[in-house]
Amino acid sequence: MGYQNIKFPENSLFLVTGGAGFIGSNLCEAILNLGYRVRCLDDLSTGKQVNVDLFLSNPNYEFVMGDIKDLDTCMKACEGVDYVLNQAAWGSVPRSIEMPLFYCANNIMGTLNMMEAARQNGVKKFVYASSSSVYGDEPNLPKKEGREGNLLSPYAVSKRADEEWAKQYTKHFGLDTYGLRYFNVFGRRQDPNGAYAAVIPKFIRQLLHGEVPTINGDGKQSRDFTYIENVIEANLKACLAGSEAAGQAYNIAYGGREYLLDIYYGLVDALGIKDENGNRLEPIFGPDRAGDIKHSNADISRAKELLGYDPEWSFDRGIMAAIEWYRENL
Ligand SMILES: NC(=O)c1ccc[n+]([C@@H]2O[C@H](COP(=O)([O-])OP(=O)(O)OC[C@H]3O[C@@H](n4cnc5c(N)ncnc54)[C@H](O)[C@@H]3O)[C@@H](O)[C@H]2O)c1
(Lines give C-alpha, C1' and ligand atoms only; values in the text may rest on other atoms or scores of the structure.)
Protein backbone atom coordinates (compact mmCIF):
# COMPACT_ATOMS: atom_id res chain seq x y z
CA MET A 1 0.00 0.00 0.00
CA GLY A 2 1.01 3.60 -0.50
CA TYR A 3 4.21 4.76 -2.16
CA GLN A 4 6.71 5.35 0.65
CA ASN A 5 8.78 2.27 -0.22
CA ILE A 6 8.81 2.74 -3.98
CA LYS A 7 12.29 2.68 -5.49
CA PHE A 8 13.47 4.18 -8.78
CA PRO A 9 16.97 4.02 -10.23
CA GLU A 10 19.33 6.33 -8.37
CA ASN A 11 19.40 9.92 -9.67
CA SER A 12 16.16 9.51 -11.64
CA LEU A 13 14.85 12.78 -13.08
CA PHE A 14 11.10 13.44 -13.18
CA LEU A 15 9.49 16.22 -15.19
CA VAL A 16 6.23 17.40 -13.64
CA THR A 17 4.28 19.72 -15.94
CA GLY A 18 1.75 21.82 -14.08
CA GLY A 19 4.02 21.41 -11.07
CA ALA A 20 2.98 24.79 -9.61
CA GLY A 21 -0.61 23.62 -9.34
CA PHE A 22 -2.43 21.55 -6.77
CA ILE A 23 -1.69 17.99 -7.92
CA GLY A 24 1.63 18.84 -9.59
CA SER A 25 3.12 20.54 -6.51
CA ASN A 26 2.16 17.54 -4.39
CA LEU A 27 3.89 15.26 -6.91
CA CYS A 28 7.02 17.43 -6.82
CA GLU A 29 7.05 17.28 -3.03
CA ALA A 30 6.61 13.49 -2.91
CA ILE A 31 9.39 12.90 -5.44
CA LEU A 32 11.78 15.19 -3.53
CA ASN A 33 10.90 13.43 -0.28
CA LEU A 34 11.77 10.10 -1.89
CA GLY A 35 15.19 11.58 -2.80
CA TYR A 36 14.87 11.91 -6.57
CA ARG A 37 15.31 14.92 -8.87
CA VAL A 38 12.36 16.87 -10.21
CA ARG A 39 12.00 19.55 -12.88
CA CYS A 40 8.77 21.51 -12.74
CA LEU A 41 7.46 23.11 -15.94
CA ASP A 42 4.61 25.57 -15.46
CA ASP A 43 3.37 28.81 -17.02
CA LEU A 44 1.74 29.90 -13.75
CA SER A 45 -1.56 30.42 -15.60
CA THR A 46 -3.56 28.82 -12.78
CA GLY A 47 -0.64 27.62 -10.67
CA LYS A 48 1.03 29.65 -7.95
CA GLN A 49 4.53 30.95 -7.34
CA VAL A 50 4.22 29.92 -3.67
CA ASN A 51 3.97 26.29 -4.80
CA VAL A 52 7.35 26.76 -6.49
CA ASP A 53 8.97 28.78 -3.70
CA LEU A 54 8.32 25.89 -1.32
CA PHE A 55 10.98 23.77 -3.04
CA LEU A 56 13.46 26.25 -4.54
CA SER A 57 16.02 25.72 -1.81
CA ASN A 58 16.16 21.97 -2.54
CA PRO A 59 19.08 21.23 -4.93
CA ASN A 60 17.07 18.37 -6.45
CA TYR A 61 14.37 20.82 -7.61
CA GLU A 62 14.42 22.96 -10.74
CA PHE A 63 11.70 25.31 -11.94
CA VAL A 64 11.21 26.10 -15.62
CA MET A 65 8.73 28.83 -16.38
CA GLY A 66 7.17 27.88 -19.70
CA ASP A 67 4.11 26.94 -21.72
CA ILE A 68 3.44 23.42 -23.01
CA LYS A 69 1.74 24.96 -26.05
CA ASP A 70 5.29 25.68 -27.25
CA LEU A 71 7.05 22.58 -28.63
CA ASP A 72 10.58 24.02 -28.16
CA THR A 73 9.85 24.60 -24.48
CA CYS A 74 8.65 21.01 -24.13
CA MET A 75 11.73 19.69 -25.97
CA LYS A 76 14.13 21.54 -23.67
CA ALA A 77 12.18 20.56 -20.57
CA CYS A 78 12.40 16.85 -21.54
CA GLU A 79 16.20 16.80 -21.86
CA GLY A 80 17.66 14.09 -19.63
CA VAL A 81 14.25 13.21 -18.19
CA ASP A 82 13.38 9.63 -17.22
CA TYR A 83 9.70 10.04 -16.31
CA VAL A 84 7.14 12.66 -17.35
CA LEU A 85 4.13 13.31 -15.13
CA ASN A 86 2.03 15.58 -17.35
CA GLN A 87 -0.43 17.51 -15.19
CA ALA A 88 -0.49 20.85 -17.01
CA ALA A 89 -3.99 21.66 -18.24
CA TRP A 90 -6.86 23.93 -17.43
CA GLY A 91 -9.58 22.27 -15.38
CA SER A 92 -13.24 23.22 -14.87
CA VAL A 93 -16.18 22.03 -16.95
CA PRO A 94 -18.07 25.38 -16.92
CA ARG A 95 -15.00 27.42 -17.94
CA SER A 96 -14.37 25.03 -20.83
CA ILE A 97 -17.88 25.73 -22.14
CA GLU A 98 -16.98 29.45 -22.14
CA MET A 99 -13.57 28.97 -23.83
CA PRO A 100 -13.60 25.91 -26.13
CA LEU A 101 -10.77 27.07 -28.40
CA PHE A 102 -8.42 27.67 -25.50
CA TYR A 103 -9.15 24.20 -24.05
CA CYS A 104 -8.36 22.62 -27.38
CA ALA A 105 -5.07 24.51 -27.72
CA ASN A 106 -3.98 24.16 -24.12
CA ASN A 107 -5.19 20.74 -23.04
CA ILE A 108 -4.93 18.85 -26.32
CA MET A 109 -2.10 20.49 -28.29
CA GLY A 110 -0.13 21.10 -25.09
CA THR A 111 -0.24 17.43 -24.12
CA LEU A 112 0.51 16.37 -27.68
CA ASN A 113 3.61 18.61 -27.67
CA MET A 114 4.68 16.96 -24.44
CA MET A 115 4.27 13.47 -25.89
CA GLU A 116 6.26 14.40 -28.98
CA ALA A 117 9.01 15.94 -26.85
CA ALA A 118 9.04 12.88 -24.56
CA ARG A 119 9.34 10.55 -27.55
CA GLN A 120 12.18 12.53 -29.16
CA ASN A 121 14.06 12.67 -25.86
CA GLY A 122 13.78 8.94 -25.13
CA VAL A 123 11.68 9.40 -21.97
CA LYS A 124 10.98 6.02 -20.29
CA LYS A 125 7.38 6.60 -19.17
CA PHE A 126 4.80 9.25 -19.99
CA VAL A 127 2.12 9.42 -17.31
CA TYR A 128 -0.61 12.02 -17.84
CA ALA A 129 -3.67 13.41 -16.09
CA SER A 130 -6.95 12.40 -17.66
CA SER A 131 -10.31 12.76 -15.92
CA SER A 132 -13.49 10.97 -14.90
CA SER A 133 -15.27 13.45 -17.19
CA VAL A 134 -14.44 11.10 -20.10
CA TYR A 135 -17.37 8.93 -18.92
CA GLY A 136 -19.79 11.67 -20.05
CA ASP A 137 -23.43 10.65 -19.79
CA GLU A 138 -22.77 6.93 -19.28
CA PRO A 139 -25.30 6.13 -16.53
CA ASN A 140 -23.99 2.83 -15.18
CA LEU A 141 -22.11 2.75 -11.90
CA PRO A 142 -19.42 2.12 -11.06
CA LYS A 143 -17.63 3.73 -14.00
CA LYS A 144 -15.52 1.15 -15.78
CA GLU A 145 -12.84 1.67 -18.42
CA GLY A 146 -14.19 0.74 -21.85
CA ARG A 147 -17.75 1.79 -20.99
CA GLU A 148 -17.75 5.51 -21.83
CA GLY A 149 -20.76 7.61 -22.88
CA ASN A 150 -21.31 10.83 -24.82
CA LEU A 151 -19.02 13.62 -23.70
CA LEU A 152 -20.67 16.58 -21.98
CA SER A 153 -18.11 19.39 -22.20
CA PRO A 154 -15.09 20.71 -24.13
CA TYR A 155 -13.00 19.83 -21.06
CA ALA A 156 -14.07 16.18 -21.34
CA VAL A 157 -13.33 16.24 -25.08
CA SER A 158 -9.82 17.54 -24.33
CA LYS A 159 -9.09 14.70 -21.90
CA ARG A 160 -10.56 12.07 -24.20
CA ALA A 161 -8.48 13.43 -27.10
CA ASP A 162 -5.35 13.21 -24.94
CA GLU A 163 -6.13 9.54 -24.29
CA GLU A 164 -6.57 8.84 -28.01
CA TRP A 165 -3.31 10.61 -28.88
CA ALA A 166 -1.52 8.73 -26.13
CA LYS A 167 -2.71 5.43 -27.61
CA GLN A 168 -1.23 6.47 -30.94
CA TYR A 169 2.09 7.37 -29.35
CA THR A 170 2.27 3.97 -27.69
CA LYS A 171 1.17 2.10 -30.80
CA HIS A 172 3.30 3.83 -33.43
CA PHE A 173 6.27 5.19 -31.51
CA GLY A 174 6.66 2.79 -28.58
CA LEU A 175 6.25 5.58 -26.00
CA ASP A 176 4.87 3.97 -22.82
CA THR A 177 1.88 6.17 -21.95
CA TYR A 178 -0.42 5.75 -18.95
CA GLY A 179 -3.55 7.88 -18.61
CA LEU A 180 -4.84 8.47 -15.10
CA ARG A 181 -8.54 9.29 -14.93
CA TYR A 182 -8.69 11.23 -11.69
CA PHE A 183 -12.01 11.37 -9.87
CA ASN A 184 -12.51 14.66 -7.93
CA VAL A 185 -9.18 14.98 -6.20
CA PHE A 186 -8.92 16.98 -2.97
CA GLY A 187 -6.30 17.82 -0.36
CA ARG A 188 -3.62 20.31 0.70
CA ARG A 189 -2.80 23.20 -1.66
CA GLN A 190 -5.96 22.83 -3.78
CA ASP A 191 -6.97 26.39 -4.64
CA PRO A 192 -10.05 27.44 -2.61
CA ASN A 193 -10.46 30.76 -4.44
CA GLY A 194 -12.08 31.92 -7.66
CA ALA A 195 -15.24 31.19 -9.62
CA TYR A 196 -13.96 27.79 -10.73
CA ALA A 197 -12.68 26.48 -7.39
CA ALA A 198 -13.42 22.84 -6.56
CA VAL A 199 -16.21 22.28 -4.10
CA ILE A 200 -14.36 20.96 -1.03
CA PRO A 201 -11.74 23.74 -0.67
CA LYS A 202 -14.34 26.34 -1.66
CA PHE A 203 -16.77 25.21 1.05
CA ILE A 204 -14.02 25.07 3.68
CA ARG A 205 -12.85 28.59 2.80
CA GLN A 206 -16.39 29.97 2.83
CA LEU A 207 -17.22 28.32 6.16
CA LEU A 208 -13.99 29.51 7.77
CA HIS A 209 -14.70 33.05 6.54
CA GLY A 210 -18.29 33.21 7.76
CA GLU A 211 -19.89 32.84 4.31
CA VAL A 212 -22.79 30.52 3.48
CA PRO A 213 -21.86 28.03 0.72
CA THR A 214 -24.15 27.49 -2.26
CA ILE A 215 -24.83 23.94 -3.41
CA ASN A 216 -25.58 23.61 -7.13
CA GLY A 217 -28.72 21.47 -7.44
CA ASP A 218 -30.22 19.48 -4.56
CA GLY A 219 -26.94 18.25 -3.06
CA LYS A 220 -27.91 14.65 -3.76
CA GLN A 221 -25.23 14.30 -6.43
CA SER A 222 -22.44 11.90 -5.51
CA ARG A 223 -18.77 11.68 -6.38
CA ASP A 224 -15.81 9.39 -5.70
CA PHE A 225 -13.77 12.09 -3.94
CA THR A 226 -10.12 11.03 -3.97
CA TYR A 227 -7.47 12.19 -1.54
CA ILE A 228 -4.25 13.56 -3.04
CA GLU A 229 -2.04 10.86 -1.49
CA ASN A 230 -3.80 8.21 -3.59
CA VAL A 231 -3.14 10.24 -6.74
CA ILE A 232 0.57 10.50 -5.90
CA GLU A 233 0.69 6.73 -5.42
CA ALA A 234 -0.97 6.15 -8.82
CA ASN A 235 1.48 8.44 -10.64
CA LEU A 236 4.56 6.84 -9.10
CA LYS A 237 3.32 3.29 -9.62
CA ALA A 238 2.44 4.04 -13.25
CA CYS A 239 6.10 5.03 -13.78
CA LEU A 240 7.09 1.51 -12.76
CA ALA A 241 4.39 -0.33 -14.70
CA GLY A 242 5.30 -2.68 -17.54
CA SER A 243 4.98 -1.85 -21.22
CA GLU A 244 2.06 -4.29 -21.48
CA ALA A 245 0.04 -1.86 -19.35
CA ALA A 246 0.87 1.13 -21.60
CA GLY A 247 -1.46 2.79 -24.11
CA GLN A 248 -4.40 2.64 -21.70
CA ALA A 249 -6.21 4.87 -19.25
CA TYR A 250 -7.00 3.92 -15.65
CA ASN A 251 -9.59 5.03 -13.11
CA ILE A 252 -7.82 6.66 -10.18
CA ALA A 253 -10.15 7.05 -7.23
CA TYR A 254 -10.75 5.49 -3.85
CA GLY A 255 -13.77 3.52 -5.04
CA GLY A 256 -16.20 5.18 -2.60
CA ARG A 257 -19.27 7.34 -3.05
CA GLU A 258 -19.87 10.59 -1.16
CA TYR A 259 -22.98 12.77 -1.46
CA LEU A 260 -22.42 16.51 -1.68
CA LEU A 261 -24.93 17.33 1.04
CA ASP A 262 -23.27 14.86 3.44
CA ILE A 263 -19.91 16.46 2.73
CA TYR A 264 -21.36 19.89 3.38
CA TYR A 265 -22.80 18.85 6.76
CA GLY A 266 -19.65 16.93 7.62
CA LEU A 267 -17.58 20.09 7.07
CA VAL A 268 -20.02 22.26 9.01
CA ASP A 269 -19.88 19.85 11.94
CA ALA A 270 -16.11 19.36 11.83
CA LEU A 271 -15.58 23.13 11.77
CA GLY A 272 -18.32 23.73 14.36
CA ILE A 273 -20.14 26.34 12.24
CA LYS A 274 -23.54 27.56 13.55
CA ASP A 275 -26.08 30.09 12.29
CA GLU A 276 -27.17 33.13 14.31
CA ASN A 277 -29.64 30.97 16.28
CA GLY A 278 -26.98 28.48 17.28
CA ASN A 279 -28.25 25.83 14.83
CA ARG A 280 -26.17 23.97 12.29
CA LEU A 281 -25.63 26.33 9.34
CA GLU A 282 -27.84 25.37 6.37
CA PRO A 283 -26.53 25.83 2.79
CA ILE A 284 -28.09 27.90 0.01
CA PHE A 285 -29.34 25.78 -2.91
CA GLY A 286 -28.65 27.10 -6.43
CA PRO A 287 -29.39 25.81 -9.96
CA ASP A 288 -27.76 22.69 -11.42
CA ARG A 289 -24.57 23.32 -13.42
CA ALA A 290 -24.46 22.66 -17.18
CA GLY A 291 -22.25 19.72 -18.15
CA ASP A 292 -22.37 18.10 -14.71
CA ILE A 293 -23.37 14.49 -14.14
CA LYS A 294 -25.46 13.36 -11.20
CA HIS A 295 -23.42 10.45 -9.90
CA SER A 296 -19.91 9.21 -10.38
CA ASN A 297 -17.95 6.49 -8.70
CA ALA A 298 -15.15 4.34 -9.94
CA ASP A 299 -14.28 0.71 -10.43
CA ILE A 300 -10.54 0.80 -9.71
CA SER A 301 -9.82 -2.86 -10.41
CA ARG A 302 -7.89 -2.19 -13.63
CA ALA A 303 -5.44 0.16 -11.90
CA LYS A 304 -5.09 -2.32 -9.02
CA GLU A 305 -4.34 -5.19 -11.34
CA LEU A 306 -2.08 -3.52 -13.90
CA LEU A 307 -0.44 -0.68 -11.96
CA GLY A 308 -0.42 -2.25 -8.49
CA TYR A 309 -2.46 0.75 -7.27
CA ASP A 310 -3.73 0.13 -3.75
CA PRO A 311 -5.11 3.39 -2.29
CA GLU A 312 -4.70 3.73 1.45
CA TRP A 313 -6.49 7.03 2.08
CA SER A 314 -10.28 6.74 2.51
CA PHE A 315 -12.43 9.83 2.05
CA ASP A 316 -12.95 10.18 5.82
CA ARG A 317 -9.25 10.02 6.56
CA GLY A 318 -8.41 12.41 3.72
CA ILE A 319 -11.03 15.00 4.58
CA MET A 320 -9.79 15.25 8.17
CA ALA A 321 -6.24 15.83 6.90
CA ALA A 322 -7.50 18.43 4.39
CA ILE A 323 -9.52 20.32 7.02
CA GLU A 324 -6.47 20.36 9.26
CA TRP A 325 -4.33 21.81 6.48
CA TYR A 326 -6.81 24.54 5.55
CA ARG A 327 -7.28 25.51 9.20
CA GLU A 328 -3.54 26.14 9.41
CA ASN A 329 -3.04 27.67 5.99
CA LEU A 330 -6.14 29.74 5.13
N1 LIG B 1 -8.24 18.34 -9.32
C2 LIG B 1 -9.05 17.40 -9.79
O3 LIG B 1 -9.99 16.97 -9.13
C4 LIG B 1 -8.81 16.81 -11.16
C5 LIG B 1 -9.72 15.85 -11.62
C6 LIG B 1 -9.52 15.29 -12.88
C7 LIG B 1 -8.42 15.68 -13.62
N8 LIG B 1 -7.57 16.63 -13.15
C9 LIG B 1 -6.43 17.01 -13.99
O10 LIG B 1 -5.26 16.98 -13.19
C11 LIG B 1 -4.33 17.96 -13.66
C12 LIG B 1 -3.89 18.86 -12.52
O13 LIG B 1 -5.05 19.51 -12.00
P14 LIG B 1 -5.00 20.45 -10.71
O15 LIG B 1 -6.27 20.24 -10.00
O16 LIG B 1 -3.72 20.29 -10.02
O17 LIG B 1 -5.11 21.90 -11.41
P18 LIG B 1 -4.24 23.20 -11.16
O19 LIG B 1 -4.91 24.29 -11.94
O20 LIG B 1 -3.99 23.42 -9.72
O21 LIG B 1 -2.85 22.81 -11.85
C22 LIG B 1 -2.65 22.85 -13.22
C23 LIG B 1 -1.29 23.48 -13.46
O24 LIG B 1 -1.00 23.46 -14.85
C25 LIG B 1 -0.43 24.72 -15.21
N26 LIG B 1 -0.69 24.91 -16.64
C27 LIG B 1 -1.89 25.01 -17.26
N28 LIG B 1 -1.71 25.19 -18.59
C29 LIG B 1 -0.36 25.20 -18.79
C30 LIG B 1 0.44 25.34 -19.94
N31 LIG B 1 -0.08 25.56 -21.15
N32 LIG B 1 1.79 25.27 -19.80
C33 LIG B 1 2.35 25.08 -18.57
N34 LIG B 1 1.63 24.95 -17.45
C35 LIG B 1 0.29 25.01 -17.57
C36 LIG B 1 -1.13 25.72 -14.33
O37 LIG B 1 -0.44 26.94 -14.18
C38 LIG B 1 -1.23 24.94 -13.02
O39 LIG B 1 -0.09 25.15 -12.22
C40 LIG B 1 -5.02 18.69 -14.80
O41 LIG B 1 -4.63 18.07 -15.99
C42 LIG B 1 -6.48 18.42 -14.54
O43 LIG B 1 -7.26 18.49 -15.70
C44 LIG B 1 -7.74 17.21 -11.94
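The values are calculated or read from the model by the stated rules, or taken from the named source; none is laboratory data. As the structure is a computational prediction, the values presented were derived from the model and not from experiment. All Cβ positions, even for glycine, are placed from backbone atoms using ideal geometry, and neighbour counts span all protein chains on display. To get the accessible areas, we keep the full protein, side chains included, count just its heavy atoms, and leave off ligands, DNA and RNA. Shrake-Rupley method; radii C 1.70, N 1.55, O 1.52, S 1.80 Å.
One table, with the values for the structure above:
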item: Area accessible to solvent at ARG280, 1.4 Å probe radius, in Å²; result: 100
item: Relative contact order, percent, the chain [alpha-carbon distance under 8 Å, six or more residues apart]; result: 18
item: Accessible area expressed per residue, segment 162-253, with surrounding protein chains retained (probe 1.4 Å, Å²); result: 32
item: Pairs beyond 28 Å (Cα-Cα), from LYS69/LYS220; LYS143/LYS274; LYS125/LYS304; LYS171/LYS294; LYS144/LYS294; LYS48/LYS143; result: LYS69/LYS220; LYS143/LYS274; LYS171/LYS294; LYS48/LYS143
item: 3J(HN,Hα) from dihedral phi, segment 316-321, Karplus parametrisation 6.51/-1.76/1.60, rounded to Hz, x for glycine, proline; result: 4, 5, x, 5, 5, 5
item: Listed residues TYR259, GLY247, GLY272: farthest to the positive end of the dipole of segment 178-283 (Cβ charges); result: GLY247
item: Distance (nanometres) between label positions extended 7 Å along Cα→Cβ at ASN150 and ARG317; result: 4.1
item: FRET efficiency estimate (nearest 0.05) - Cβ-Cβ, GLU211 to SER243, R0 45 angstrom; result: 0.35
item: DSSP-assigned coil residues among trypsin sites (Lys or Arg not before Pro) in segment 163-237, each with at most 14 further Cβ atoms within 10 Å; result: LYS220
item: The chain - mean residue ellipticity at 222 nm from DSSP helices (-39,500 (n - 2.57) per run, n ≥ 4, rounded to 500); result: -11000 deg cm²/dmol
item: Given charges at beta-carbon only (K, R positive; D, E negative), |dipole| of the chain in Debye; result: 360
item: HN-Hα J in Hz across segment 163-176 - Karplus 6.51, -1.76, 1.60, θ = phi - 60°, x for Gly and Pro; result: 5, 5, 5, 4, 4, 5, 5, 6, 5, 8, 10, x, 7, 6
item: Fraction of accessible area attributable to carbon and sulfur, segment 11-63 (%, probe 1.4 Å); result: 46
item: For VAL16, residues with placed amide H under 5 Å, excluding near neighbours; result: ARG39, CYS40, LEU41, LEU85
item: Size of charge dipole - segment 220-259 - debye, nearest 20, with Cβ of Lys, Arg +1 and Asp, Glu -1, no other charges; result: 200
item: Solvent-accessible area, 1.4 Å probe, carbon plus sulfur percent, for segment 106-165; result: 51
item: Qualifying aspartates and glutamates (Cα of each under 13 Å from Cα of LYS7; at least 8 residues distant if same chain); result: GLU233
item: Charged-residue dipole, Cβ positions (Lys, Arg, Asp, Glu), segment 122-223 about Cα centre, Debye nearest 20; result: 340
item: 10 Å Cβ shell holding at most 10 others, DSSP loop, GluC sites (Glu not before Pro): longest site-free stretch of the chain; result: 11-275
item: Cα lying deepest toward the dipole's positive end in segment 1-152, options LEU56, THR46, PRO9, charges on Cβ; result: PRO9
item: Residue (of SER96, MET75, GLY35) at the positive-pole extreme of segment 33-100, dipole from beta-carbon charges; result: GLY35
item: Solvent exposure, largest accessible area first (probe 1.4 Å, DNA, RNA and ligands not counted), of ILE284, ILE263; result: ILE284, ILE263
item: Spin-label model distance (nm) - ASP72 vs ASP288, 7 Å beyond Cα toward Cβ; result: 4.9
item: Accessible-area ranking of THR111, THR46, largest first, probe 1.4 Å; result: THR46, THR111
